[in-house]
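Take a look at the structure set out below.
Bear in mind that the values in this text are calculations on the coordinates, not laboratory data. The shown structure was predicted, so the numbers you read here are calculated from the model rather than taken from an experiment. Here the Cβ positions follow ideal geometry from the backbone for every residue, glycine too, while neighbour counts run over all protein chains shown.
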Amino acid sequence: MTNRWSRVLKTPVGIAGVGLLTLVLLLAVFAPILWGDKANAVDTDNLLAGPSADHWLGTDNLGRDLFYRVLVATRLSVSLALLATALGTVVGVLLGTAPLLLGRRAGRLVTALVNLLVAFPGLLLVLFFAVVFGVGAKGAVLAIGLAGAPAFARLCQTLVAGVAELEYVAAARIAGVGRFRILLRHVLPNVAEPLVVNVTISAGGVLLSFAGLSFLGLGVQPPSYDWGRLMQDGLAGIYTHPLAALAPGIMVIVAGLAFNLTGEAVAGAFGMSAVTRFGQALQVDTGETPASDLRHDADADRDLVLDVRDLRVSFPGAAGPVHPVRGVSFGVAAGEAVGVVGESGSGKSLTALSIARLVEEPGLVDARHLTFCGTDLLAESDTDQLLGTSLAVVFQDPMTSFNPAMRIGAQLAEVGRHHQGLDRKEASDRAVDRLRAVRVREPERRARQYPFEFSGGMRQRAMIGMGLMGSPRLIIADEPTTALDVTVQSQVLALLQDVRREEGAALLLISHDVSVVSDVCDRVLVMYAGRIVEDLPTADLHTRAQHPYTRALVAAVPDMATALDAPLATIPGHPVDPAQMPVGCAYAARCPLATAVCREQDPALVADTSGRRVACWHAGEPIEMVTAEEATA
Amino acid sequence: MSELVFDHVTVRYGTSTVLDEVSLTVPDGEVVGLVGESGSGKSTLAKAAVGLTPVQGGRILLDGEPIRQRGRRRPVSMVFQDPFSSLDPRMTIGESIAEAIPERLSRADRRAEIVRLLELVHLDAGRVTQLPGQLSGGQRQRVALARALAGRPRLVIADEITSALDVSVQGAVLNLVREMQRELGLSLLFISHNLAVVRYVASQVAVLEGGRIVEHGPTADVLERPQHAYTRQLLAAIPGSNHTQTKENR
């Protein structure tokens with residue numbers, strides 16, 4: 001929180017906005033005290049005079065000094081604007097939170113009312129209310145405040161609805177916490193930030209509206225004066241001495257900018273919490289690389305579709321770059337199915353994304369060697385064509401990987417037109433053919449449907465179908481079945497198997513679920529804290545795993561044969577935070593076999609004669625299972 | 001703890017019937033597993049029991065009486081799937097749990113009660129002042145469990161409480177659920193799509209398909225001798241089932 005606010009002051013926009021705002025507010029407070037008398041002093045010798053040494057901006061029709069009047073008017077202009085903003089905010093929040101407090105039926109009425117009001121143009125509302133409440137400062141505050149309320153109510157409603165659906169609100173409701181208390185304790189604090197930002201920005205707009213109303217003679221009435229009033233007074237003489245009208249106008253702009261810039265800076269600071277100072281991202285760590293095994297280099301003679309050596313991904317962090325992937329090396333042979341398992345944060349998804357060149361700024365991908373189908377992905381500048389035709393990627397959430405506004409067939413066809421240079425007809429024929437290939441029934445009809453008309457499993461099929469528009473040599477599937485039901489999951493996994501057989505493509509399957517991987521893959525890479533800790537044939541996973549982490553992962557998952565009388569095996573402690581990578585083996589703190597050497601030196605990934613690799617000082621040593629009572633995960 | 005009875009419960013959203021005359025009993029002190037795929041109505045059944053969803057037909061009874069869904073003391077509590085959205089990010093662990101304690105306690109008593117609840121779920125009492133952001137997924141789910149127990153409920157509903165957790169943590173939470181059930185004699189409706197998990201914690205299983213219960217019985221019976229085609233389909237779809245068989249044969 002506090003550092004987000006302090007981050008506001010670190011941007012040029014923030015400095016300018018907050019600086020201007022401070023100046024405006026100081027003027028509002030002190031100008032009337034310091035110069036109130038001067039602003040009202042009548043100088044009958046100088047009526048409607050132009051700028052002079054005595055009167056920098058000239059005088060008005062009673063000979064009062066305009067420079068001081070503009071400064072003194074700050075208080076009334078700003079305070080009326082703030083008052084109107086406050087009114088709009090309060091009414092808006094009341095209307096916006098009413099649906100939550102009033103319950104379903106009455107809430108719907110309020111929502112309908114707000115929707116209706118939002119539809120009216122703001123200016124029309126202002127003029128309407130100004131007429132209703134009468135001419136004068138009070139009427140203008142009510143008019144502008146109430147006219148701003150619907151838009152604010154709508155924003156508030158949307159934000160509140162978002163939070164009100166979250167499970168912690170449901171949990172509080174189940175616990176018998178009252179609606180009003182839920183609103184105060186759970187909802188408002190969690191929507192406060194965007195609301196505050198919006199209020200700040202809208203204050204600038206309100207200031208402008210107010211000046212407009214006063215300028216039209218509907219706002220502040222003499223003898224009081226605000227900037228709008230001064231502008232109107234100065235208008236008559238605009239051709240003889242324009243500064244009389246321009247100066248208050250300039251102040252409106254300055255004050256409006258002050259509010260808007262501050263609001264923008266605050267919004268920016270709150271929105272960019274993920275990205276810290278970018279300069280640090282450029283300092284790529286060139287330090288020592290974890291030892292890559294020699295065995296892997298011997299793989300080079302195999303027919304490798306994908307060859308990854310010493311892959312590293314870094315992100316800028318608060319205290320220097322963070323490395324969620326630290327020196328990953330592996331190869332995938334043609335037609336081979338390789339699984340990658342690990343906990344969340346182990347770097348398994350990032351590894352997949354960096355192969356597909358999908359790691360976004362400010363993430364940096366670096367490797368000693370990264371070739372796909374013999375092409376060096378790091379050296380070639382234009383790899384889009386190769387990746388577009390030979391690599392298929394399937395993501396976890398098939399809903400977000402399709403454009404919801406485009407028909408499925410058209411989205412598949414687009415790939416064909418873009419990457420294979422097919423014409424419209426060929427591309428849509430191929431799309432239908434590919435949908436058939438992924439066992440979508442009635443592919444012609446389905447191709448004309450939109451993503452929302454597909455079930456989760458069907459969308460995942462279509463996604464795989466999209467990958468098959470080209471002739472993929474490798475399919476990367478990142479948790480492809482995690483969002484799916486068991487029955488659909490087994491169908492999608494079977495489909496991946498079929499596709500692999502039919503197309504001869506290799507498969508890189510990323511999953512947190514050891515059992516999914518062991519169903520589909522020939523070989524498993526186990527990742528922990530951004531490194532591969534074990535690489536072994538799937539058949540050996542349950543019986544001959546060497547690394548204590550692999551063994552714990554396998555034992556922690558209950559299957560249909562798990563003994564019911566004993567507690568499940570657990571892994572004590574937490575996964576490592578990539579920003580705080582310990583010295584030595586990253587798993588040492590959780591490992592029952594850890595000794596002094598583990599805490600001092602990170603073991604290298606060493607291959608044995610059969611090609612399995614393991615990174616552990618105590619590989620294969622017997623472990624006594626940790627029970628729940630000892631675990632504090 | 002006590003017996004929860006769903007008696008011909010029907011829930012409709014507009015024209016679609018989500019629950020179609022579902023009858024299910026969670027006996028006193030037992031864990032009943034509820035399985036089925038998404039859209040089968042599992043979560044709706046849970047929401048109906050805690051009053052988050054209006055019921056169009058049938059009754060939900062706790063020890064023969066309708067469940068009170070107003071006022072401070074609620075007899076049925078619930079633990080949610082996602083430990084990241086089920087705790088208010090701005091409230092400390094202590095505040096979140098305190099909110100669910102219905103009695104007006106003195107400061108010291110309340111503090112003692114929070115510590116008791118945290119100990120129950122094997123969390124350090126020092127966590128009281130921490131925010132959810134400082135906790136891992138598994139720890140948050142423990143806090144959610146402590147909160148669910150704070151109102152001394154007669155029955156707890158657990159809705160997919162392990163499916164958002166890493167496998168390494170899932171085991172610990174399941175162990176905790178079994179321990180709670182043993183030590184507190186908790187009645188529990190345990191909703192999950194994972195049959196292996198249900199097998200591990202539940203003494204009875206009910207299979208829900210398209211808003212109807214298609215099979216219900218003791219866990220071992222249902223999983224070893226499934227009667228309904230849909231149950232068999234679910235069992236066949238479990239990943240790693242090939243492996244399990246080979247292991248048994250060995």
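Numbers below:
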{"read-out": "Mean separation of Cα contacts under 8 Å, 6 or more apart, over the residue count of chain A: relative contact order %", "value": "11 percent"}
{"read-out": "Average beta carbon contacts from partner chains per residue of B:138-145, 10 Å cutoff", "value": "2"}
{"read-out": "The stretch B:14-93 - convex hull of alpha carbons, volume per residue in Å³", "value": "160 Å³"}
{"read-out": "FRET efficiency, B:E103 to B:T25 (Cβ-Cβ, R0 35 Å, nearest 0.05)", "value": "0.70"}
{"read-out": "Filtered trypsin sites (Lys or Arg not before Pro), the stretch A:430-488: DSSP coil and at most 12 other beta carbons within 10 Å", "value": "A:R441"}
{"read-out": "Degrees, to the nearest 10: A:243-271 long Cα axis against longest axis of chain A", "value": "20 degrees"}
{"read-out": "Acute angle (nearest 10 degrees) that the helix A:424-437 long axis makes with the longest principal axis of chain A, alpha-carbon atoms", "value": "50 degrees"}
{"read-out": "Mean separation of Cα contacts under 8 Å, 6 or more apart, over the residue count of the stretch B:4-249: relative contact order %", "value": "27 percent"}
{"read-out": "Theoretical gain in end-to-end length, B:L184 to B:L61 [0.36 nm per residue, Cα-Cα removed]", "value": "42.1 nm"}
{"read-out": "Separation between Cα centres of the stretch B:1-44 and the stretch A:457-522, rounded to whole Å", "value": "33 Å"}
{"read-out": "Given charges at beta-carbon only (K, R positive; D, E negative), |dipole| of the protein assembly as shown in Debye", "value": "2620 debye"}
{"read-out": "Helix-derived mean residue ellipticity, 222 nm - over chain A, DSSP H n ≥ 4, -39500 (n - 2.57), to 500", "value": "-16000 deg cm²/dmol"}
{"read-out": "Using a Förster distance of 25 Å, the FRET efficiency for A:A119-A:T158 (Cβ separation, nearest 0.05)", "value": "0.95"}
{"read-out": "Nearest-ten-degree value, helix A:456-467 long axis tilted from longest Cα axis of chain A", "value": "80 degrees"}
{"read-out": "Top positive-direction residue, dipole computed over the protein assembly as shown with Cβ charges, set A:G256, A:G409, A:G530", "value": "A:G256"}
{"read-out": "Neighbour-count order for A:S79, A:S390, A:S6, A:S518, fewest beta carbons within 10 angstrom listed first", "value": "A:S6, A:S79, A:S390, A:S518"}
{"read-out": "Part-to-part distance (alpha-carbon centres) for the stretch A:331-382 and the stretch A:551-605, which is given in Å", "value": "25 Å"}
{"read-out": "nm² value of the averaged projected area, convex hull over the Cα atoms of the protein assembly as shown", "value": "45.4 nm²"}
{"read-out": "Length-normalised contact order for the stretch B:119-250 - Cα pairs under 8 Å, 6+ apart - percent", "value": "15 percent"}
{"read-out": "Two-decimal ratio, the stretch A:167-249, of alpha-carbon radius of gyration to 2.2 N^0.38 Å", "value": "1.94"}
{"read-out": "Beta bridge orientation in the stretch B:4-249: antiparallel %, DSSP, nearest 5", "value": "55 percent"}
{"read-out": "Reference-scaled alpha-carbon Rg (2.2 N^0.38 Å with N residues) for chain B", "value": "1.03"}
{"read-out": "FRET efficiency for B:A125 and B:S203, using Cβ-Cβ distance with R0 set to 30 Å, rounded to 0.05", "value": "0.40"}
{"read-out": "Chain lengthening between A:M399 and A:T375 when straightened (0.36 nm per residue, less Cα-Cα)", "value": "5.5 nm"}
{"read-out": "Overall Cα dimensions of the stretch A:504-566, principal axis frame, Å, largest first", "value": "44, 26, 19"}
{"read-out": "Net dipole in debye of the stretch A:33-152 [+1 Lys, Arg Cβ; -1 Asp, Glu Cβ; about Cα centre; nearest 20]", "value": "940 debye"}
{"read-out": "Helix runs (DSSP H) in chain B reaching 24 Å along axis by Cα, Kyte-Doolittle at least -0.5", "value": "B:167-184"}
{"read-out": "Cα-based Rg of the stretch A:440-598 normalised by 2.2 N^0.38 Å, two decimals", "value": "1.27"}
{"read-out": "Net charge, A:H241 excluded, C-beta distance under 15 Å - Lys, Arg +1, Asp, Glu -1", "value": "-2"}
{"read-out": "Electrostatic dipole magnitude of chain B [Cβ: Lys, Arg +1; Asp, Glu -1; Cα centre; debye, to 20]", "value": "600 debye"}
{"read-out": "Lys/Arg +1, Asp/Glu -1 at C-beta; chain A dipole; positive extreme among A:I475, A:A143, A:L311", "value": "A:A143"}
